[in-house]
Amino acid sequence: MQRPDFDARIIVFDGICHVCSGWVQFFKRHRVDPPFQLIPMQSAAGRALLVEYGIDPDDPATFLVLDRGQQLTQSDAAIHVIAELGGLWWMANTARFVPRRWRDALYQLLARNRYRWFGRRSSCYLPQ
């Protein structure tokens, strides 16, 4: 798969994680303009994008956000996506005052334990 266009807005998420797919469903209910393309990492396109951007598709410890030339992962990706919802959600950007090392440590704790704490879906969530 070739790299997406510079103007592309893509979120590659874990489609079997309850937390991840829940956020994607929430995100779909709150329109963002222009919209993000939502791609589960279990799909061929999702796997290819993860590999292209240096993330192990067989043991992903993060999701991937591509937004107009930016590549974001871990806490930066989460903050960016939440802030893009607009309205008061932009206040998520205040989390950037916390050092990235601390934010990413908390993100990694959640990512490592997401299946144990929140369970797995029996099938991959595919947004319509």
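What to note about this one:
- Only Cα sites of the range 1-92 enter the Debye sum here, all with the same form factor; the resulting log10 I(q)/I(0) across q = 0.13, 0.16, 0.24, 0.26 1/Å is -0.39, -0.60, -1.38, -1.58, listed in q order.
- Report summary: the helix-based calculation at 222 nm, which adds -39500 (n - 2.57) for every DSSP H run with n ≥ 4 and divides by the residues of the chain, gives -12500 deg cm²/dmol.
- Test item: Cα-centred dipole of the range 65-112, Lys/Arg +1 and Asp/Glu -1 on Cβ, debye: 180 debye
- Accessible area of the chain belonging to carbon and sulfur atoms, whole % at 1.4 Å probe: 56 percent
- Mean Cβ neighbour count within 10 Å, used as a protection proxy, ranking 8-16, 46-54, 23-31, 76-84 highest first: 8-16, 76-84, 46-54, 23-31
- Mean Cα-pair separation over length for the chain, i.e. relative contact order, pairs under 8 Å, 6 or more apart, %: 34 percent
- What you get for the chain, charging only the Cβ of Lys and Arg (+1) and of Asp and Glu (-1), is a dipole of about 440 debye around the Cα centre.
- Modelled label positions at V98 and C124, each set 7 Å beyond Cα in the direction of Cβ, lie 3.1 nm from each other.
- Free-standing Cys residues across the chain, given no other cysteine C-beta under 4.7 angstrom: C124
- Relative packing of 97-106, 59-68, which averages over residues the other C-beta atoms within 10 Å, highest first: 59-68, 97-106
- Accessible area expressed per residue, the chain, with surrounding protein chains retained (probe 1.4 Å, Å²): 61 Å²
The values are calculated or read from the model by the stated rules, or taken from the named source; none is laboratory data. Because the structure is predicted, anything quoted here is derived from the model rather than measured. Positions of Cβ are generated from backbone atoms using ideal geometry, with glycine treated the same way; all protein chains shown enter the neighbour counts. The protein model used for the area step is the full one, side chains on, heavy atoms only, and it has no ligands, DNA or RNA in it. Shrake-Rupley method; radii C 1.70, N 1.55, O 1.52, S 1.80 Å.
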